[in-house]
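Quick notes on the structure that follows.
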Amino acid sequence: MATFVTRAQWGARAPREVSNNITPAQGGVVVHHVDAVRVARTNHADCAAQVRGIQNHHMDTRGWADIAYSHLACVHGYLFEGRGEHVRTAAQGTTQGNDDWYAVCALTGGTSGNYDTVTAQLVDAIRYGVNRLRVSGGAARAITGHRDHHATECPGALYTRVLSGEVNPGGGPLPYPGVSFRQPPTFVHASVATWQYRMNTRFGYALSVDGQYGPGSDAACRRFQTDRGLTVDGVVGPNTWAATFA
């Protein structure tokens, strides 16, 4: 199991303010990375300073109340306490994302062709963070990538680990998020973007990956359900979700 590092242990500054106005039972946990360049530290002794640097950047340059993330995970298998449970984040890039979702940031980065090594210890630390946020923080089971909330490539190479369910505490496949997608009206949820991306990349659909379950997504769902011998109702519920991520 990953080792938990408290704020006191990594030398965190006190937050300027703390908002407990978060409803994670309506969202879940979002996976992030640090940057589009490689940032993982070779020696774990350097990771605490890296987290302090992120906090300083968020507070002094961004003007935020604290480090943006709920927790941060390093490639050596340590989970650094960020804002923690029951505290609103500043990481998702949208108001609803910060209202309803926690954030776990991997201390990694890079591009598709040049990314930090995703170690088993890193995956274990992310899982530990997700589990803490579920058990102690009341997060729903949904796990998304930052890109499902905001126009970004984050979390880079880790996004495939999200889709596979590898970062889920119980392992893959990606768990059903606990909400059914249907329309009308258009249903909006970050997990819709996760599903749309999977439908495109795994099954060849051409959906707009926008997190909005409207007529186009409904029509694709019905075709998918027909092809898979599922009940054709246009609803992405547990069975359709499971078939999509099998």
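Tabulated values for the structure
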quantity	calculated
Carbon/sulfur fraction of accessible area - the stretch 85-211, other protein chains in place, 1.4 Å, %	47 percent
Ratio of Rg to Rh over the stretch 112-246 (Cα coordinates, Kirkwood Rh, two decimals)	0.97
Shape category assigned to the stretch 175-229 from the gyration tensor of Cα positions, a/c cut at 1.5	rounded
Max mean-square fluctuation residue, GNM over the chain, Cα-Cα springs under 10 Å, options ALA139, ALA151, ALA48	ALA151
For VAL188, residues with placed amide H under 5 Å, excluding near neighbours	TYR213
Theoretical FRET efficiency, 1/(1+(r/R0)^6), r = Cβ-Cβ of ASN43 and HIS150, R0 30 Å, to 0.05	0.40
The chain: angle of helix 47-56 to the longest principal axis, Cα-based, in degrees nearest 10	80 degrees
Relative contact order (percent, whole number), the stretch 1-97, Cα cutoff 8 Å, 6+ residue spacing	40 percent
Ranked packing of 190-197, 162-169, most packed first, by mean Cβ within 10 Å	190-197, 162-169
The stretch 93-239 - percent relative contact order, Cα under 8 Å, separation 6 or more	18 percent
Debye equation applied to the C-alpha atoms of the stretch 60-151, log10 I(q)/I(0) at 0.16, 0.25 Å⁻¹	-0.67, -1.39
Cα long-axis angle, helix 120-135 against the chain (0 to 90 degrees, to the nearest 10)	80 degrees
Distance between the stretch 168-204 and the stretch 18-72 - C-alpha centres, whole angstrom	25 Å
Over the chain, relative contact order from alpha-carbon pairs under 8 Å, at least 6 apart, %	20 percent
Shape call, the chain: gyration tensor on alpha carbons, a/c limit 1.5	prolate
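The values are calculated or read from the model by the stated rules, or taken from the named source; none is laboratory data. Note that the structure is predicted; figures quoted are calculated from it, not measured. Cβ sites come from the backbone with ideal geometry, for glycine too, and all protein chains shown count toward neighbours. Accessible surface is based on the protein model in full, side chains and every heavy atom, while ligands, DNA and RNA are left aside. Shrake-Rupley method; radii C 1.70, N 1.55, O 1.52, S 1.80 Å.
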